[in-house]
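The next block holds one structure in the form of structure tokens; read it before the comments.
Nothing in this text is a laboratory measurement; each read-out follows from the coordinates by a stated rule. Since this is a predicted model, take the numbers as computed values, not measurements. Heads up, the Cβs are rebuilt from the backbone with ideal geometry, glycines too, and the neighbour counts pull from every protein chain shown.
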Amino acid sequence: QVQLVESGGGLVQAGDSLRLSCAASGRTFGSLFMAWFRQAPGKEREFVARITGSGTTSFHADSVRGRFTISRDNGKNTVYLQMNSLKPEDTAVYLCAARLKVYGTYDYWGQGTQVTVSS
């Protein structure tokens, strides 16, 4: 089974930057579509960004476009989320997810890492 482990979260002030990492187990990382989601208390889980297996194509939600950047290093089996110009509304548990097919739901999930942005 694919294991996903997030790291890099923390407590920062508005305007600061963080880089989240998601390390995946196994030898199939390059075949996986990877994504970041987030969930804040009282809100539904929200899509943040996704990236293709090769890392050549990515997509970011409107709420983070221009501030966050998803990337991956297939040699390290790791996907990243660079978060710049953080805002208090970015406060959430950030979850790493993976799926094999181009379409469909995500099959694998990490436990999440907390990001808290103070004003």
Seminar exercise, completed: At q = 0.13, 0.14, 0.18, 0.20 1/Å the base-10 log of I(q)/I(0) from the Debye formula over the alpha-carbon atoms of segment 1-94 is -0.43, -0.49, -0.81, -0.98
Problem set entry | Listed peptides 84-95, 9-20 by packing density, highest first (mean Cβ within 10 Å) | 84-95, 9-20
Exercise. Along the Cα-to-Cβ line of Thr116, 7 Å from the Cα, sits a label point; which residues in segment 28-61 have backbone N less than 18 Å from it?
Worked result: 39-43
Exercise. What relative contact order, as a whole-number percentage, does segment 1-66 give when Cα pairs under 8 Å and 6 or more residues apart are counted?
Worked result: 22 percent
Exercise. Once the mean 1/r over all distinct Cα pairs of segment 51-119 is inverted, what Kirkwood radius in angstroms do you read off?
Worked result: 13.5 Å
Seminar exercise, completed: Under the 7 Å Cα-to-Cβ spin-label approximation, Asn84 and Thr28 lie apart by a distance in nanometres of 3.5 nm
